[in-house]
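In what follows, a structure is listed as structure tokens, so that the remarks can point back to it.
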Amino acid sequence: MFYELSNPLTKTLITQLRNQKSEALLFRHTIAELTKQLLYEALKDFPLSKKKTTTWRGEEHCMALDEANILVVTVLRAGMPMLESVMQTLPNATAGFLAIKRDEVTHKSKLYYDRVPDCQGKTIFLVDPMVATGGSLLDAIELLKSRKALRIITLNIIGSPEGLERVNAAYPDVDIYIAQIDEGLNAEKYIIPGLGDAGDRAYNT
Ligand code: PRP
Ligand code: URA
């Protein structure tokens, strides 16, 4: 399933990302803001459970998300501002890290670092701003599935229709929340209009 955000604020923030004059600090901040919008949408139907809480009236059972069962997995580098944003909102969630790099000539993704804690029975938010060919997201989902994740939800900022279709065809049970679906890919497999290389934009390289 794809869910594309449609709020005018989302479109405004996407334009801010496309603006080459947005420097790295603003770029990361904007990615973080968009991530919160995606997270709110993705959490809309999540169950709540009772949490024993010391309130001003004494001990009560108040409603809360079960953060202990949420694992946030980021794809380095460009996913880092997204991970920070989710962890600010859900400070008791667990974090995992994958490093995946696209080869600049073949455009094929390669996993080269994996520091993901136990996934069994967990709901996973997989965060990566860009879905171009979809190869990086497919690699990450394959790994998380092999670790027996209960449910996988991806949060992405900009995607190409072909990359998203590829992921959806391979894993129809994965829910994809995306801020903006763009026109397509160019010959170098960059998203058009896109925003360029998200990792470079975020970290001044
Ligand atoms: C970017 C992005 C995705 C990937 C998308 O990472 O963060 O992980 O490209 O491309 P794909 O859908 O064709 O696989 P990149 O490999 O450029 O690494 P970086 O974050 O270190 O710049
Ligand atoms: N990775 C990016 O950061 N941007 C693209 O357009 C494609 C892959």
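The values are calculated or read from the model by the stated rules, or taken from the named source; none is laboratory data. Just so it is clear, the structure is predicted and the values come from calculations on it, not from any experiment. Backbone-built Cβ (ideal geometry, glycine too); neighbour counts: all protein chains shown. Note: accessible area is taken over every heavy atom of the protein model, side chains too, but ligands, DNA and RNA are not part of it. Shrake-Rupley method; radii C 1.70, N 1.55, O 1.52, S 1.80 Å.
The table below lists the values:
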read-out	value
Among beta bridges that DSSP assigns inside the range 56-205, antiparallel share in %, nearest 5	25
Cα Rg over Rh - the chain, Kirkwood	0.99
Ranking by accessible area, most exposed first, for 21, 189 with a 1.4 Å probe	21, 189
Carbon plus sulfur fraction of accessible area for the range 2-203, probe 1.4 Å, in percent	53
Low-density loop cleavage sites - GluC sites (Glu not before Pro) in the range 157-189, where at most 15 other Cβ are within 10 Å (DSSP)	183, 188
Local electrostatic count at residue 38 - Lys and Arg +1, Asp and Glu -1, tallied over other residues with Cβ under 13 Å	-3
Most fluctuating residue given options 76, 43, 126, as computed from a GNM of the chain linking Cα atoms under 10 Å	43
Sequence-separation-based contact order of the chain, relative, with Cα cut under 8 Å and 6+ spacing, percent	24
Separation between Cα centres of the range 34-74 and the range 86-123, rounded to whole Å	22
Of 51, 145, 108, the one that fluctuates the most in a GNM where the chain has Cα springs shorter than 10 Å	51
For the range 128-202, share of DSSP beta bridges that run antiparallel, in % to the nearest 5	20
Gained length - residue 89 relative to residue 7, 0.36 nm times residue gap less alpha-carbon distance	27.5 nm
Over the chain: helical MRE at 222 nm, DSSP H runs n ≥ 4 each giving -39500 (n - 2.57), nearest 500	-10000 deg cm²/dmol
Model label zone, residue 192; criterion: amide N under 19 Å from point 7 Å along Cα-to-beta-carbon; scope the range 1-39	18-20
Mean projection area, nm², convex hull over Cα of the range 1-77	8.1
Accessible solvent surface per residue of the chain, calculated while the other protein chains remain in place, 1.4 angstrom probe, Å²	52
Choice from 116, 127, 75 with maximal GNM fluctuation in the chain (Cα, 10 Å cutoff)	116
Neighbour cut-off at most 13 other Cβ (10 Å), DSSP loop, GluC sites (Glu not before Pro), the range 1-102	23
